[in-house]
Structures are given as C-alpha cells and as structure tokens.
Amino acid sequence: MGLVARGMTTRDVQAHIAEVYQVFISAEVVSKVTDAVIPELREWQQRPLDAIYPILYLDTIVVKVRTDGQVRNRPVYITLGVDLEGRKHVLGIAGHRQQGAKYWLGVLTELKNRGVSDVLIVCCDGLTGFWTPSRRCGHR
C-alpha cells in the first residue's frame, strides 16, 4: 500500500517485490490487495473520534508522488491528537495540492463532524492559511 500511495504503479510494485524479496506476484495480485484494503482505509478515515483531545498537532510532510508519469512533490497533511490518557492517535492523513485557510477549515470541520468537541492546545508551525500575522499568538 505504501508503495502505491507513493505513486508506484502495480507493475513497479511487482518488480520491487521481486527484486527485494525474490518473490514473484502478478500486477493483478497487487491491484487486488490494494482494492481490498481501500474499504478499510475509508472506514478508518471516517471512524468516530473522542470528544476531547487536550493537544492537537497539525503538520505537513512532503512526499514524492507519481502523477501522469511524472514524480512530483505533494503535501500530505497529518492531524495527530493526544487523548486524555496521553496516548497519541493519528486522526487523519490527507493529500491536497495546496494548504490554505479553506483547507484547514475543512480539516477542523471534519474533526468536529467525527465527534471532536474540544481541543485545549493546537500545535502547528506556521502552516500556510492557518494563522494570519495579525492573529498569531499575540505577536507581530
């Protein structure tokens, strides 16, 4: 799944598995495995969340993704919550072409729709569109 998510074709995955593990599988098997996992992934993405997360981390990582035969850098947005017992949970992972205020509003709205009603601290590092200079923690 990770290789496909990074933009490799089913034939690329087939060749990689053969090279690394000396095991031959068909491209069709790779496709069937990814198709079988997608419903579970969707279920995980839509699962109900806790009502309270004392700490919410919002961050972006950049990964290489193959699109239309070209490898391009794409942002992947990660939302991580710390529950009342101090355990970390990945609440969401999403790929999107650009970050901005509308995108982050959508992320926060989705968390609310999935059951989150209160967050005490939001940690982020100057994410585009999340803070405007006039609202940034009281600093100019």
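The values are calculated or read from the model by the stated rules, or taken from the named source; none is laboratory data. Because the structure is a prediction, the values reported are computed rather than measured. Here the Cβ positions follow ideal geometry from the backbone for every residue, glycine too, while neighbour counts run over all protein chains shown. Only protein heavy atoms, including side chains, enter the accessible area calculation; ligands, DNA and RNA are left aside. Shrake-Rupley method; radii C 1.70, N 1.55, O 1.52, S 1.80 Å.
Close amide H pairs (under 5 Å, H built 1.01 Å from N) link residue 63 with 74, 76, residues at least 5 positions away or on another chain.
In this label model, residue 72 and residue 11 are separated by 2.2 nm, measuring between points 7 Å along each Cα→Cβ vector.
Taking amide H as placed 1.01 Å from N in the peptide plane, residue 116 has its amide H under 5 Å from the amide H of 49, each at least 5 places away in sequence or on another chain. Counting 0.36 nm for each residue step from residue 52 to residue 90 and taking away their Cα separation leaves a gain of 12.3 nm. Classify region 29-108 as rounded, prolate or oblate from the Cα gyration tensor: take a ≥ b ≥ c as the square roots of its eigenvalues, call it rounded if a/c is under 1.5, otherwise prolate when a/b beats b/c and oblate if not. Judged from the Cα gyration tensor, region 29-108 comes out oblate (a/c at least 1.5, b/c at or above a/b). Straight Cα distances below 19 angstrom link residue 112 to the aspartates and glutamates 43, 50, 59, 83, with same-chain residues fewer than 8 positions distant left out. Of the listed residues 103, 57, the order by accessible area with a 1.4 Å probe, largest first, is 57, 103.
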